[in-house]
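Okay, so here's the structure we're looking at.
Please treat every number below as a calculation from the coordinates, not as lab data. Computed from a predicted model, the values in this text were never measured in an experiment. Note that we place each Cβ from the backbone using ideal geometry, even for glycine, and neighbour counts take in every protein chain shown.
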Amino acid sequence: MSMIGVSVGKQLKLLDTVTEEYVMQNGTFWPLLADKNVLFHFFTRGKRKWALGLMQTGRISGQYLGKEEKLKRTAVFVGLLVFVVGLLWLPGPVDAGKKLKAGFIYVGPVGDYGWSHAHEMGRLYAMKKLPWLDSIYVESVKEADVARIIDRMVRGENCKVVFTTSFGYMDATIAAGKKYPEKIFMHCSGFKRAKNVGTYFAELYQIYYLNGLMAGALTKKNKVGYVAAFPIPEVIRHIDAYALGVKAVNPNATVHVRWLFSWYAPGKAKEAAEALVAEGCDALAFTEDSPSVIQVGQEHTEKGDPVYTFGHYSPMEKFGPDSVVSGQLVDWGIMYVKILKDVYEGRWTNEDLWWRVKEGAAILGANPEHPVNPKFVGRLRSIKTTTTDLGKISIYDLVIKRLEQMRQGPEVFDPFVGPIVDNKGNLRLKKGQRATKEQLLSINYYVDNIIGEIPK
């Protein structure tokens, strides 16, 4: 049983006539005790049987049952639930001093300098921080093969926790949760959960918006490109945020998208980037797990035709030192440490963890040492814009100011605040309306400065 805020307090007298047999025969039992209703459930942990009483106040009381299986007269309060709709049966904490083994499944190679590489850095960070942690990983796992890899991690490696790190792994993860109810599964970027299946994501749309501010200011041709992986809400959300940033400083610029239908396709990514440059785009962002787009930008810049690029998930400035302006970095490590500590200490729940700039998971930059490539700071300082809340300000100062506001929370500043109109003329968010998490997670439209349609 996973509980929050474990505390040991005063004793409570309980009826000694409630037996497991009675509950099994009569179903839910609601005795009146000190003007509090208590719901009893029985379960076995090791060789002992326990009775768990759920009070309407939200308190939980648990007692060991002897051979007579009668509830003892004293119970210990062991926590306050944040929200109670019933009893949630979950794997318990790991015994003190024992190891916890976790398995990580990656969709791409760990050396890709993108999505899977960032997850691997997070795993290694957790290994350094948690001395009781053992872990394994399998890279480049196709979505059709993930169920087999999960089976291997559970049966062959005896992992207590399995992290599945691709949107396409979602259904297989849910199935595994049903198949192995004693294990815990965490699926990255999905929206389906179960009692022993949680979800988590380091959300980057705020950082894409900041990159869009810089792209919109630097473009000379008023054409900005985006190389995209799959047309799912996560990627569409990032494209839209990027486009909103472009529009905020350059309403004349348009955004053009090329789709890869792959998370890791260096050759296709290069072709898509070259095609966008041929169409006149001189600033490129992307969702793909290699530095191919960056390398295209660097090659053109070296030839005297500057193409400004923005890194993706991992430090990519070194692949385009004269082209990379900034990018999105992600810290999966702090998320993995939290999740694994919760499991180890018996506090894990299946709640959705959706961390943004405020929580420290989303970071601006293509190099951990600075949010913007120093080569472009002077140019961004020289370009001015005017905002309703900050007045006249340089692009560089605007980026840093918006970043500071995002660190305070989306209620201070968020890119998805209306009025927002899609590229078909439909009003999606009214003036002053901020998109909800549910709206962002299901977004399926292009904002009005993006050319083209979302593939079906």
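Quick look at the values:
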read-out	value
R0 of 56 Å, Cβ-Cβ distance ALA278-LYS195: FRET efficiency to nearest 0.05	0.60
Three-way shape label, segment 131-267, alpha-carbon gyration tensor, a/c 1.5	prolate
Under Karplus coefficients 6.51, -1.76 and 1.60, residue-wise ³J(HN,Hα) of segment 351-357 in Hz, glycine/proline x	4, 7, 9, 10, 9, 10, 4
Counted charge near LEU100, where neighbours are those whose Cβ lies closer than 9 Å (Asp, Glu -1; Lys, Arg +1)	+3
Cβ-defined net charge surrounding HIS117, 14 Å radius [Lys, Arg +1; Asp, Glu -1]	-4
Proximal charge balance of VAL412 [Cβ under 13 Å; K/R count +1, D/E count -1]	+2
Stretch gain in nm, segment GLU345-LYS424, where the contour uses 0.36 nm per residue and the Cα spacing is subtracted	23.4 nm
Cα centroid of segment 92-159 to Cα centroid of segment 402-428, whole Å	35 Å
Cα-projected label distance for ASN252 with ASP352, points at 7 Å along beta-carbon direction, nm	4.1 nm
Residues ASP240, ASP342, ASP389, sorted so that the one with the fewest Cβ neighbours within 10 Å comes first	ASP389, ASP342, ASP240
Nonlocal amide H pairs with LEU429, under 5 Å, H built at 1.01 Å	ILE420
Proximal aspartates and glutamates relative to LYS268, as straight alpha-carbon distance under 18 Å, when same-chain residues fewer than 8 apart are discounted	ASP112, GLU279, GLU288, ASP289, GLU299
For segment 337-359 and segment 243-318, distance of Cα centres in Å	33 Å
